[in-house]
Structure formats: structure tokens, C-alpha cells
Amino acid sequence: MKLSKSLVAAFVAAATCVSFAAQANTTTPIVKERQENQSARISQGVASGELTKKEAAVLRTEQRGIRAEKRAFKADGKVTVAERAQLKRDQNQASRHIYKKKHNARKAA
């Protein structure tokens, strides 16, 4: 059975796209989920009075920094294992900061 040139070209193009998609590993679902969780913790802390507005502002600034770092890591088309580990360390540290701020003696007015 003979294949037309256009069919062969379409097959090659599809295979190439799949290959590039497999190489471009920029998804970070765990990082995104943790970011959403930490943002919710900050909002909950403000709502309950556990966090002052100033404390919340500092924590939100830290979250923005992590998002910026994630965007920078994704910019080259691949998030490496080392970059994922760095994001995890930063998120762990941010989580500790949220806990400490929520459990200190300060209360929102």
C-alpha cells in the first residue's frame, strides 16, 4: 500500500509535535496546589483575626516571589528536578512562616 506524500508529512509533523510536547515539561501541578493552599491559609488567617494586615501583606509578598521564581524556571521551557526542589524548599519555608505568624501573640484589631 502506497502512502501519499501529504499523509506521510502529516504523520511526521504529528510525531514531531508529540516529541516536543514530551520534552517541554513545564507543568507544576503540585506547586500550584500548594500555592493555592497557602493563599487560602493566609486569607483564613486574616478572616479569623490570627493575622494582622501587615503580617498578611508580608506573607503575600513571599507568595508573589515564589510565583515569580516559578515563572522564571518555566521560561526556558523546562522545569528541572533541581528547580522543582528549590520551589519545594521555598514553599516549605513559606508554610513555616504562615504557621508562625498565625500562632504568634499578635491579633488583628
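Filter the range 35-49 for residues that are in contact (Cβ under 8 Å) with a residue 24 or more places away in the chain and either of a type in the set (Gly, Ala, Ser) or crowded, with 20+ Cβ neighbours inside 10 Å (or both) and give the result.
The answer is Gln38, Ser39, Ile42, Gly45, Gly49.
Looking at the range 91-108, which of its residues are more than 10 Å from Glu50 (Cα to Cα) and in a loop (DSSP other than H, G, I, E, B)?
none
Does any residue of the range 11-28 turn out to be loosely packed, with under 11 Cβ neighbours inside 10 Å, of a type outside the set (A, V, I, L, M), at pLDDT 65 or above and in a helix (DSSP H, G or I)?
Scanning the range 11-28 turns up no residue that is loosely packed, with under 11 Cβ neighbours inside 10 Å, of a type outside the set (A, V, I, L, M), at pLDDT 65 or above and in a helix (DSSP H, G or I).
Applying the selection to the range 64-96, what residues are crowded, with 17+ Cβ neighbours inside 10 Å and farther than 17 Å from Pro29 by Cβ?
Ala94
Pairs needed: first member in the range 97-109, more than 12 Å from Val46 (Cα to Cα); second member anywhere, modelled with pLDDT under 95 and exposed (fewer than 10 other Cβ atoms within 10 Å of the Cβ); C-beta distance under 7 Å; at least 6 residues apart or different chains.
none
The values are calculated or read from the model by the stated rules, or taken from the named source; none is laboratory data. Being a predicted model, the structure only gives us computed values, none of them experimental. Glycine gets a Cβ as well: all are built from the backbone with ideal geometry, and neighbour counts include every protein chain shown.
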